[in-house]
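Visitor: What follows is a single structure, and I will ask about it in a moment.
The values are calculated or read from the model by the stated rules, or taken from the named source; none is laboratory data. Note that the coordinates shown come from a computational prediction; the quantities given were computed from them, not determined experimentally. Quick reminder, even Gly has a Cβ in these numbers, built from the backbone with ideal geometry, and neighbours come from all protein chains shown. When the accessible area is computed, the model is the full protein with side chains, heavy atoms only, and any ligands, DNA or RNA have been set aside. Shrake-Rupley method; radii C 1.70, N 1.55, O 1.52, S 1.80 Å.
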Amino acid sequence: MVKHKHYRPPGKKKEGNAARYITRSQAVKQLQVSLPLFRKLCILKGVFPREPKKKVKGNHHTYYHLKDVSFIQHEPLLERLREIRAYERKVKKADAKKNRDRANLLRQRRPTYRLDKIILQRYPNFIDALRDLDDCLTMVHLFAALPAIEERIEVKRIHNCRRLSHEWQAYISRTHKLRKVFVSVKGIYYQAEVKGQKVTWLTPHPLQQVLTEDIDFNIMLNFLEFYEALLAFVNCHLYRSINVKYPPILDPRLEALAADLYALSRYFDANSRSAVLDPQASSLSGSGNVESQQIGDSVSESELRLAQLQHQLPSNEPGALMHLVKDVAGEEEEDDDTRECKKLFKDMKFFLNREVYRESLLFVVPAFGGTVSWEGDGAPFEENDESITHQIVDRPMHGRQTLAREYVQPQWVYDCINARIILPTGGYLAGRDPPPHLSPFVDNEAEGYVPDYAETIKQWKTAGRSEVLPLPGVGKEDLEDPQKLLAEGVIDRAKAKEAVEKKKKMMALERQYHDELNKEVHGVPHSSSVSNIDNHISGKETEDKEEFDDDSELAKLSLSRRKRGKLEAAEKGIKRKKDHIDVIRERKRKLKESQKSKEG
């Protein structure tokens, strides 16, 4: 029996990529929504375009998976957005008929929606939300620094972003979870470690932001809407994990003075005292959901409790308000990094001059155990306080200076944080050019180039340690092993290589000494020159290198074309990195020569 070729009539069910992927216009037509609404739903639900292997409709189309589109189609929020769109038509109709009373009434009763269920769908576990928090924090901190513009960015969105960002910073500062800080041209990078997850975000510099016309704010505001809800849930979970009520009730006087971080620090300290006085009131509730009813009921109780505690906490008492190192009942156990960061600026009091970026240092200094104040209303202590140890300035000091304190630039604080030691203040004094600000996010050993100041900091850290003593059961000869000393951080890689070469040479000399003793016993002439050992070692290294090159060429020929291409691309990347390091070293050499010529 002859089998005929399978023929599918036109209009029947499709197969392959044609059945699995549809274009954006087809998805909009299937969902019966407008293109801006489709973009908003994709942002909220986390749906993104796909790249099929074979693009059936052509390369100029955007493709979505059919399951993602059906996932949006069955979302209850879609029907809610359709109702809101129909309601907006009623408002426009009332405005067109010049019925202002009805239009205002409709605007007051405008329907809303919540993103609670969507956040729970996208992040079933709290750790999943922390892993996806980098872009969220960067976007929220960006809008917190933007100016409010009519018909683009509302004032309440800016205030909400500032509130959420300050709540996050207050928690990181209170629990001492900050790990790295780097000031770059783009802004200030921060990295914190929360629940074992590293969270990195970028905050803009405190400059006047200029908004251009080529930015699509509708897309950014859609992302911001989701990120605001996500960060509010994360802050609520983190605050309740340390027995602090959420949302916080702040002192209105400090809020009016733009001292939100200081007000939050007072709120933390007030809650810590209330937890000691009434442990049952600060216990965690069984459900983790954030209900607006429960928050509304607890607001009056929180206000009453805070008002009672305000009389116990003086407004200018720095030890109880800004020095946030007290233990809170129910707080999770601290790890080694947290204990180290907690004691870095211990027993140090900082005062910020008015030209210094206040918000960054108010966030950073308490996170590492220090006490900080500033010039202005609402500050915990004044500039004439004799217990101040460091004054942060960013311009030359021409007035009267106090001998009992150090006048340093803000970079000293950030460099101390990244090095985890108190650096000497000689290079950071007011009016001097500070040392290079090194990035803590760069692995110098992996890059192949270690800056001079990084070597200096490493020497200071090594000198600050006590003498390396052998552990029980470990001999002194184990500490002389260069590989172990390198792993312990006692010596750097260059010194370790020199130690390995010296050890090889000594072993070869010892071997030659034993061979010559045997030859003397048997009456055979021998040569006792050390140059033979050097030639033997260098010849052996050359032979090993040639054998390695031959083996690598043979291995490369045996690879497939695809793997060979990947290997060649990796080799090109290594060579490019090496050339970049050579250029840096050449610039460094020329700079030193020019400095010597100027001095001469």
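Visitor: Could you list, in sequence order, the residues of segment 418-432 that are assigned to a loop (DSSP other than H, G, I, E, B) and either in contact (Cβ under 8 Å) with a residue 24 or more places away in the chain or surrounded by 14 or more Cβ atoms within 10 Å (Cβ to Cβ) (or both)?
Guide: Correct list: Arg420, Ile421, Ile422, Leu423, Pro424, Thr425, Ala430, Gly431.
Visitor: Of a type in the set (Gly, Ala, Ser), more than 30 Å from Trp168 (Cβ to Cβ), modelled with pLDDT of 90 or more and surrounded by 14 or more Cβ atoms within 10 Å (Cβ to Cβ), is that true of Ala94?
Guide: Yes, satisfied.
Visitor: Out of Ala404, Ala379, Ala419, I need the residue that is outside the structural domain of His176 (by the TED database) and within 25 Å of the chain's Cα centre (by Cα). Which one?
Guide: Answer to the selection: Ala419.
Visitor: Which strands (runs of 3 or more DSSP E) sit wholly inside segment 151-257 and have at least 1 residues that are surrounded by fewer than 17 Cβ atoms within 10 Å (Cβ to Cβ) and polar (S, T, N, Q)?
Guide: 197-203
Visitor: Is it true that Leu130 is assigned by the TED database to the domain that holds Asn222 and not in a helix (DSSP H, G or I)?
Guide: Spelling it out, it is not the case that Leu130 is assigned by the TED database to the domain that holds Asn222 and not in a helix (DSSP H, G or I).
Visitor: If you scan segment 390-409, which residues turn out to be outside any loop (DSSP other than H, G, I, E, B) and more than 18 Å from Val181 (Cα to Cα)?
Guide: Scanning segment 390-409 gives His390, Gln391, Glu406, Tyr407.
Table: residues versus (1) in contact with a strand residue (DSSP E or B) (Cβ under 8 Å, 6 or more places away or on another chain); (2) exposed (fewer than 15 other Cβ atoms within 10 Å of the Cβ); (3) at pLDDT 90 or above.
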position: Leu324; (1), (2), (3): no, no, no
position: Val328; (1), (2), (3): no, no, no
position: Glu331; (1), (2), (3): no, no, no
position: Asp336; (1), (2), (3): no, yes, no
position: Glu355; (1), (2), (3): no, yes, no
position: Arg358; (1), (2), (3): yes, no, no
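Conditions (1) part of a loop (DSSP other than H, G, I, E, B); (2) open to solvent by less than 70 Å² (accessible area, probe 1.4 Å); (3) not hydrophobic (A, V, I, L, M, F, W, C), marked per residue:
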residue	(1), (2), (3)
Gly369	yes, yes, yes
Glu382	yes, no, yes
Gln411	no, yes, yes
Cys416	no, yes, no
Pro434	yes, yes, yes
Phe441	yes, no, no
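Visitor: Being at pLDDT 75 or above and under 24 Å from the mean Cα position of the chain (by Cα) is the requirement here; does Leu250 meet it?
Guide: no
Visitor: Pairs only if they're at least six apart or on different chains, beta carbon under 6 angstrom, first in segment 216-243 and free of Cβ contacts under 8 Å to residues at least 60 places away in the same chain, second open to solvent by 10 Å² or more (accessible area, probe 1.4 Å); list them, first residue then second.
Guide: Short answer, once both residue conditions are applied: Cys236/Tyr246; Cys236/Val290; Arg240/Leu284.
Visitor: Let me ask something else about it. Of the conditions (1) modelled with pLDDT under 90; (2) within 24 Å of Ile388 (Cβ to Cβ); (3) buried (at least 16 other Cβ atoms within 10 Å of the Cβ), Lys458 fails just one. Which one is it?
Guide: Result: Lys458 passes all but (2).
Visitor: Still on this structure, I have one more. What is the number of the single condition among (1) modelled with pLDDT of 60 or more; (2) on the phi < 0 side of the Ramachandran plot that Gly475 does not meet?
Guide: (1)
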